[in-house]
Every structure is written in structure tokens, then in C-alpha cells.
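Just below is one structure, and these are the notes that go with it.
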Amino acid sequence: MARHSILTQIARSATAMVVLFAVIWTAGAVVWLYSNSVFGLDRHADLEVRELAAALAPLVWNLDDQSIQALVNTKAEDPELVSIDVQESSGGKRWTNGRPTGPETTKRVAPILVDGRAIGTISLGLSLEPRLAEMVNQIAVLIASQFLLLGIVLLSLTFSWRRVVSRLQAMVHSVDRFTRDQHDSRMPVVGDDELSRLALGFNAMAARIQKNTLTMEREIAERTEKLMEAEKLALVGSLVAGVAHEINTPVGNSITITSWLAARAKEIEESLRNGEVTPEDLRSFLADTESSLGIVQSGLGRTSELIQGFKVIGASQVVDERRLLWMSPFLNEVVSSLAPTLKPYPHRVSVDCPVDFVVENHAGALFQIVTNLVLNAHLHAFPPDGAGNIVVQSEVAPDDREAFLLSVRDDGTGMDPGIQEKIFEPFFTTSRTRGGTGLGLSIVASLVNTLGGTIEVHSRLGQGSVFDLRLPLVAPDQPSAH
Ligand SMILES: Nc1ncnc2c1ncn2[C@@H]1O[C@H](COP(=O)(O)OP(=O)(O)OP(=O)(O)O)[C@@H](O)[C@H]1O
Ligand SMILES: [Mg+2]
């Protein structure tokens with residue numbers, strides 16, 4: 001239920017309206033009733049004193065003591081009359097009565113006339129109190145009926161609102177479902193009122209959004225597929241361009257050298273035919289041949305190396321079966337296999353992994369990944385004679401029980417951000433002169449991708465580097481390049 005329900009708001013304003021109306025109505029009624037009472041009392045007093053003066057005239061003339069007192073007593077019964085006083089002028093006789101039902105509000109004095117001559121006076125005192133008491137009763141009834149009216153208004157409001165609320169709740173439920181991506185959610189349409197029109201409007205809008213979302217999803221899927229195709233093509237293109245560029249130099253050198261050697265051989269052959277060859281010429285020819293073949297051999301060696309690396313990337317390299325792998329002995333085995341390469345150097349390579357930690361994965365691919373990363377740290381992170389630490393670490397991902405972390409960390413030179421950006425690109429190397437092909441990390445990235453994992457590098461100049469891998473504990477059934 002909403003905190004400020006519409007029913008409460010409507011009930012509040014209806015109550016305020018009814019109360020305001022009641023206050024104005026009651027105030028008006030009080031003013032009207034009061035003035036009516038005051039005027040009424042005045043009129044009553046005038047009439048009464050005139051009538052009494054007329055009725056008393058013959059009685060006072062005859063000094064009919066008994067009748068005068070009887071009339072005075074009868075009049076004193078009037079609840080509004082608080083005093084009645086009849087006075088005879090010649091003898092000074094008086095007849096009085098009255099009961100004080102409240103303070104005297106108005107007084108009337110009139111002469112008692114016989115043939116135009118005053119033979120006495122009559123004075124009447126009247127009180128407004130009885131009229132006011134009646135007025136209070138009338139106002140009380142008025143207020144009670146207004147309360148009754150308010151009650152009836154609120155009750156009928158609640159009853160009719162219940163029906164509206166249940167429809168509104170159904171509509172809110174439909175909107176909730178819609179916002180939770182259930183785009184087939186529609187509002188119930190009942191009758192032909194404002195709510196039904198709202199529901200119809202919502203349903204039309206929802207149908208449109210559903211249609212547009214489906215179209216958009218389809219378009220996004222198509223475009224993503226196209227983009228991925230384009231990306232793949234671009235990658236293949238850059239790989240081919242890279243290979244062509246890398247191979248061009250050694251192959252070009254070999255062609256130049258072999259052409260030159262062929263020309264030299266021709267020269268020697270001609271000299272031989274003419275009998276002009278000296279032992280010195282032959283010796284020089286053989287020396288040229290040897291050095292040329294050396295250059296050609298290293299060029300072809302380099303070419304073959306590049307092609308091997310290229311083939312590795314292309315084939316995505318996961319050739320071995322998936323199996324249970326106890327990571328601690330496995331990683332120690334990888335490090336031991338590198339010992340011959342690393343032994344002459346003062347670096348220390350250690351493994352940090354729980355002894356009972358098992359994954360189900362491809363040992364061959366993991367072997368190649370760890371080897372490449374450790375050799376990279378060994379080759380690029382430390383100066384030839386500088387000592388350092390390389391740590392290979394692995395454990396279950398603390399935030400995901402279906403993944404594990406594998407990292408290779410060194411405390412060597414680190415890399416600047418410009419280099420970090422490029423290290424996974426095929427053929428990017430900072431040690432071409434030392435025989436680096438720049439394919440090591442692209443092979444690693446490609447293998448990680450094939451195993452369904454991710455790789456990140458974190459590094460700072462002078463503070464070492466760490467390669468963080470996150471891989472599924474159970475490798476995908478059929479590894480494939482993503
Ligand atoms: N641990 C590291 N410390 C510093 N630099 C590194 C580290 N690992 C990689 N690099 C940088 O990344 C570059 C690319 O590495 P990658 O393994 O792809 O090629 P490479 O080692 O130069 O050549 P290859 O592996 O083919 O012999 C390296 O040339 C080096 O500059
Ligand atoms: Mg390398």
C-alpha cells in the first residue's frame with residue numbers, strides 16, 4: 001500500500017470541504033436564528049402589552065380584583081414573561097406576578113385606556129433565554145445531521161474507492177511486470193471509464209515497446225554478428241600483414257644473398273673454364289659461400305619460427321583432453337621444466353597454491369600459458385644479472401565458486417602504459433633484436449579466450465607486473481575461439 005494513499009487524500013479533502021460547509025452553514029444558521037429570536041421577542045412583547053392593556057381596561061375600570069389577578073396569573077405562565085405588573089392610577093392598587101426564568105431582556109410599559117383616559121399602566125418584562133435554549137437545541141440537531149452527512153459521504157467514498165483501488169492494483173501489477181522486462185504484460189480493461197482508457201493507452205504503448213524491443217534486439221544481434229565478423233577479418237588481416245612484414249626482411253635478405261652468391265658462383269665457373277682460378281679466389285668464394293649460407297640459414301630459421309607461432313595462434317592450440325588437474329604439483333612441474341633456462345640467472349621462481357586445489361582443465365594449454373608468462377618475466381622484467389622474484393599463484397575465485405584465479409607476478413622493471421596497451425597485439429615486442437617474435441602474449445590471450453577465461457595486466461614502471469587470469473574451474477566441453 002502506498003504511504004500517501006489516494007483514498008486518504010480524497011477523504012481528507014472531502015472531510016475538509018464538508019467541515020467548511022458545515023461551519024459556514026452553522027454560523028449562518030446561528031446568526032439567522034438569533035436575529036429571528038430577538039425580533040420575535042420584540043414583536044411578541046409589543047403584541048402582548050397591547051392585548052393585555054385592552055383586556056385589562058374594563059376590569060381595572062370596575063376594579064374587578066379577582067379577574068385582574070386571574071389574568072395576570074395566566075399571563076405569567078408564559079415562559080418568556082419574567083415580570084408582569086398592573087397598576088391602577090387613582091387608588092394606586094397593584095397586581096403583579098412573574099417567575100424569573102432568566103435575565104430580563106426587554107421591557108414594555110403601556111397605559112390602560114378607557115375613553116382615551118389612562119386609568120392605569122401595565123408593564124411587562126420578557127427574557128430571551130427560552131428562545132436561546134431552543135436555538136441551541138436546533139443548532140445541536142443541525143450539527144448532528146452534518147456529522148451524519150460527513151459519515152455517509154466518507155462511507156460511500158470508501159465503498160466506491162474499494163472498486164477503483166482493486167482495478168488500480170491490477171494496473172500497477174501490470175506495470176511492475178512490464179518494468180521487470182516481461183514485455184507481454186497488459187492491463188485489464190473493464191467498462192469504458194477513464195481507467196479503462198488509461199489501460200487501453202498503456203496496452204497500446206506496451207505492444208509498441210514490445211515490438212520495438214524485439215526489432216532492436218534482432219538488429220543488435222545482427223549488427224554484433226557483423227561486427228564480430230568484421231573484427232575477425234580485421235584480426236586476420238592484421239595477422240597476415242604482420243606475418244608478411246616480419247617474414248619480408250629475412251626472406252628478402254636471403255634472396256639478395258643467394259642471388260649474389262649465384263653471381264659469384266658464375267664468376268668462379270667462368271674463371272675455372274678459362275683456367276684463371278687461383279687458390280686464393282677459391283678460398284674467398286668458399287668463405288663468401290659459408291657466410292652467405294649462415295645469413296640465409298638464420299633468415300629461414302627466423303621465418304620458420306614466425307610461421308610456427310602464427311600457426312599456434314591460428315589453431316588456438318587446445319589439443320589435449322580436459323582432465324582433473326591438481327594445480328600445486330602441476331605448477332611446480334611447469335616451473336621445474338623451465339629450470340634449465342632459468343638456472344644461470346639469479347631470479348627466484350616460486351609457486352603459491354593450496355596443495356589440494358583441483359581444477360578440470362586442459363593441462364597443455366595451461367602449461368603453455370604459464371610457461372610464456374614466466375619466460376616473459378624472466379626475459380623482460382629483469383636486467384641480465386639482476387635478481388628478482390617471480391611468483392605463480394592460483395586459487396579459487398573468492399567471489400565466484402565456479403572460477404579460479406591464476407596469476408604470474410614479478411617485481412621487475414614493469415611497463416609504461418603505452419607498452420601495456422599493445423602487449424597482446426601479435427608481433428608487438430620490445431626485444432626484436434634479441435629474437436623476440438612478439439607472439440608470446442597473443443598466444444596466451446588466444447588460449448585464455450579459448451578456455452573461456454579473461455586476462456588482465458597490471459603494471460607500473462619500476463614496480464613490476466602482474467598478469468591476472470580468471471578461468472572457469474571446469475573448462476568448456478569443446479573449447480573454441482570466441
Ligand atoms: N613481465 C614483463 N615485464 C616487462 N615487460 C613485459 C613482461 N611481459 C611482457 N612484456 C612486454 O610485452 C612484450 C610482448 O611480449 P610477448 O611475449 O608477446 O613477446 P616477446 O616476449 O617480446 O616475444 P616472444 O614471446 O615471441 O619471444 C614484450 O616484448 C615486453 O616488452
Ligand atoms: Mg614472450
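Would you confirm whether any residue within segment 66-78 is modelled with pLDDT under 90, in a loop (DSSP other than H, G, I, E, B) and surrounded by fewer than 19 Cβ atoms within 10 Å (Cβ to Cβ)? Yes, segment 66-78 has at least one match.
Just one of the listed residues (SER83, SER145) is at negative phi, surrounded by 12 or more Cβ atoms within 10 Å (Cβ to Cβ) and out of contact with any Phe, Trp or Tyr (no Cβ under 6 Å at 6 or more places or on another chain), namely SER83.
Scanning segment 371-389 for residues that are surrounded by 19 or more Cβ atoms within 10 Å (Cβ to Cβ), touching a Phe, Trp or Tyr at 6+ places or on another chain (Cβ under 9 Å) and either within 17 Å of SER446 (Cβ to Cβ) or among the small types (Gly, Ala, Ser) (or both) yields LEU373, ASN376, ALA377, GLY388. Just one of the listed residues (VAL391, VAL448, VAL370, VAL374) is more than 20 Å from GLY242 (Cα to Cα), part of a strand (DSSP E or B) and modelled with pLDDT of 90 or more, and it is VAL391. Would you confirm, using the coordinates I've provided, whether SER459 is within 8 Å of ligand 1 (Cβ to nearest atom), closer than 22 Å to VAL391 by Cα and of a type in the set (S, T, N, Q)? Spelling it out, SER459 is indeed within 8 Å of ligand 1 (Cβ to nearest atom), closer than 22 Å to VAL391 by Cα and of a type in the set (S, T, N, Q). Pairing each residue of segment 419-443 that is near ligand 2 (Cβ under 9 Å from one of its atoms) with any residue that is hydroxyl-bearing (Ser, Thr, Tyr) and modelled with pLDDT of 85 or more, provided the two are 6+ apart or on different chains, yields C-beta distances under 8 Å for GLY436/THR429; GLY436/THR430; THR437/THR429; GLY438/THR429. The number of residues in segment 403-417 being farther than 21 Å from SER446 by Cα and either surrounded by fewer than 16 Cβ atoms within 10 Å (Cβ to Cβ) or away from ligand 1 (no atom under 12 Å from the Cβ) (or both) comes to 2. Inside segment 19-30, residues that are among the β-branched types (Val, Ile, Thr) and closer than 17 Å to VAL141 by Cβ make up a count of 3.
The values are calculated or read from the model by the stated rules, or taken from the named source; none is laboratory data. All values reported here derive from a predicted model rather than from experimental measurement. Ideal geometry is used to build each Cβ from the backbone, glycine not excepted, and the neighbour counts take in all protein chains shown.
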